[in-house]
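What follows is one structure encoded as structure tokens, with my remarks underneath.
The values are calculated or read from the model by the stated rules, or taken from the named source; none is laboratory data. Here the structure is a predicted model, which is why all the values come from computation and not from measurement. Cβ atoms come from the backbone with ideal geometry, glycine included; neighbour counts cover every protein chain shown. For the accessible areas, the whole protein counts, side chains as well, though only heavy atoms, and no ligand, DNA or RNA atoms are used. Shrake-Rupley method; radii C 1.70, N 1.55, O 1.52, S 1.80 Å.
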Amino acid sequence: MEDENKTALSVQSGVEQPPTLSADAVSRFKALRQKPLTTEAFVAGILRGDITILSKAITLVESALPVHRAQAAQILEQCIPHSGRSIRIGITGVPGVGKSTFIESLGGTITAEGHKLAVLAIDPSSERSKGSILGDKTRMEELAANPNAYIRPSPSAGTLGGVANKTRETMLLCEAAGYDVIFIETVGVGQSETTVHGMVDFFLLLMLAGAGDELQGIKRGIMEMADSIAITKADSGNEAKATMAQAQYKSALHLFPGTESGWIPRVLTCSSVHKIGLAEVWQAAKDYLHHTQDGGFWQSKRNQQAMDWLHQSIREGLMQHFFENAEMRNSLDGFEQKVMQGLVSPYNAAQELLSEYFGK
Ligand code: GDP
């Protein structure tokens, strides 16, 4: 035995290491993992700002399982009276314009002021391809570690009920959990900015300076939607270009018809890396809020958004019911073949399928 102890192969008795997690934390974590939470427990957890429970509730919202959807609907119903009291800001811009750096930087300022910030991201790329514009790099590391910030990437593509509704529902849960500033980030390359515009109070467009002709490649529609524009990366010798771009966008905005709210969109320059001009962007959002709340526009916009949400939910519910119906899927398969063979027009095929559906 003594000889064995002298070899490197024997196990020497060492100092016992304390557990890395307290026994109490471990048992709470296990309990949370094992027992499905009741709706009451979800709501209570969300209302006291418990991030673990909030994240689990959002996972239910995003789930395709009917049993999850049903519980998510109950949770939402009880959270809605506690929601709505935040400033909702949409942030868009092409990949590389500096969205995540901007959100990280401004997010730090906002949370230091005592706000609680939730950042939700809609990534349109994942709807079409498996690739992701937003999610393939380490983003917002500081903000992710900030106890007053909560970051949630977009639900995966192909989820039932549509990404837009999931994001809306996620936003409401975050508000009920006490987040009073919501950023919804989207890449300005697809349809998603229209969707985001339809669910926020203030829509911010981030733009690059000096990328050739300043107004080239910018969709007029997106510029028209913007409540303010911020030219990013106004630092490191790029300041003059940024100021020039600012003047050009200002005069371009003059060509658009006046906004319904009477708000004049601001064009600002900023540097997220050097934290210059960010306070002005934040001030623009706050001024916009005061301006629109005083004039009653803010409430009517939120009412209109609620109506749009209602109608969209009806459309999605109808489509889901139609496409998930086994008999209708069967008939649809048949008609798809006929349409492809040119035996029936798509319009007539749709009419026949709908009569079959509503005739049931
Ligand atoms: P996103 O794709 O729109 O989220 O853009 P990112 O935030 O990832 O930024 C793209 C690149 O621009 C990164 O290399 C950043 O470091 C850089 N960047 C972002 N903001 C600034 C800024 O204010 N100044 C400078 N000089 N570079 C920046």
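With respect to the stated conditions, Ala230 is within 16 Å of the ligand (Cβ to nearest atom), over 20 Å from Thr195 (Cα atoms) and open to solvent by less than 50 Å² (accessible area, probe 1.4 Å). The residue that is nearest to the ligand (Cβ to nearest atom), counting only those in the range 59-84 that are outside any helix (DSSP H, G or I) and more than 17 Å from the chain's Cα centre (by Cα), is Ala64. Does Leu343 fit the bill of being open to solvent by 40 Å² or more (accessible area, probe 1.4 Å) and either within 30 Å of Asp180 (Cα to Cα) or touching a Ser or Thr at 6+ places or on another chain (Cβ under 9 Å) (or both)? For Leu343, the condition - open to solvent by 40 Å² or more (accessible area, probe 1.4 Å) and either within 30 Å of Asp180 (Cα to Cα) or touching a Ser or Thr at 6+ places or on another chain (Cβ under 9 Å) (or both) - is not met. Close Cβ contacts (under 8 Å, 6 or more residues apart or on different chains) running from residues in the range 234-263 that are farther than 26 Å from Gln299 by Cα and away from the ligand (no atom under 16 Å from the Cβ) to residues that are among the β-branched types (Val, Ile, Thr) and not in a loop (DSSP other than H, G, I, E, B) comprise Tyr249/Ile229; Tyr249/Ile231; Tyr249/Val267; Lys250/Val267.
Annotation: His274 fulfils all but one of (1) in contact with a helix residue (DSSP H, G or I) (Cβ under 8 Å, 6 or more places away or on another chain); (2) open to solvent by 90 Å² or more (accessible area, probe 1.4 Å); the unmet one is (1). Going through (1) on the phi > 0 side of the Ramachandran plot; (2) under 35 Å from the mean Cα position of the chain (by Cα) one by one, Leu318 falls short only on (1).
Figure legend. Inter-residue proximity from the range 78-105: first residues open to solvent by 70 Å² or more (accessible area, probe 1.4 Å), second residues at pLDDT 90 or above, beta-carbon distance below 7 Å, spacing 6+ or different chains. Indicated pairs: Gln78/Val43; Ile80/Leu172; His82/Leu47; His82/Ala176; Arg85/Glu175; Arg85/Asp180.
For the range 284-291, the condition holds for no residue, the condition being that it is within 14 Å of the ligand (Cβ to nearest atom) and surrounded by fewer than 12 Cβ atoms within 10 Å (Cβ to Cβ).
For the range 262-309, a residue qualifies if it is modelled with pLDDT under 90 and among the aliphatic types (A, V, I, L, M), but none of them does. Here the range 85-109 is the region considered, the condition is being β-branched (Val, Ile, Thr) and more than 6 Å from the ligand (Cβ to nearest atom), and the residue that is farthest from the chain's Cα centre (by Cα) is Thr109.
Among the residues of the range 219-226, is any more than 15 Å from the ligand (Cβ to nearest atom), of a type in the set (Gly, Ala, Ser), at pLDDT below 90 and assigned to a helix (DSSP H, G or I)? Spell out how you get there, then give the answer.
Applying the first criterion (more than 15 Å from the ligand (Cβ to nearest atom)) to the range 219-226 yields 219-221, 223-226.
Filter once more, keeping what is of a type in the set (Gly, Ala, Ser): 221, 226.
Now narrow it down to the ones that are at pLDDT below 90: 221.
If we keep only those that are assigned to a helix (DSSP H, G or I) too, we end up with 221.
Yes, the range 219-226 has at least one match.
Can you tell me which residue is most open to solvent (accessible area, probe 1.4 Å) among those in the range 203-218 that are within 14 Å of the ligand (Cβ to nearest atom) and modelled with pLDDT of 80 or more? My answer is Leu208. Residue-level check: of (1) at pLDDT below 80; (2) of a type outside the set (Phe, Trp, Tyr); (3) open to solvent by 60 Å² or more (accessible area, probe 1.4 Å), Ala112 misses just (1).
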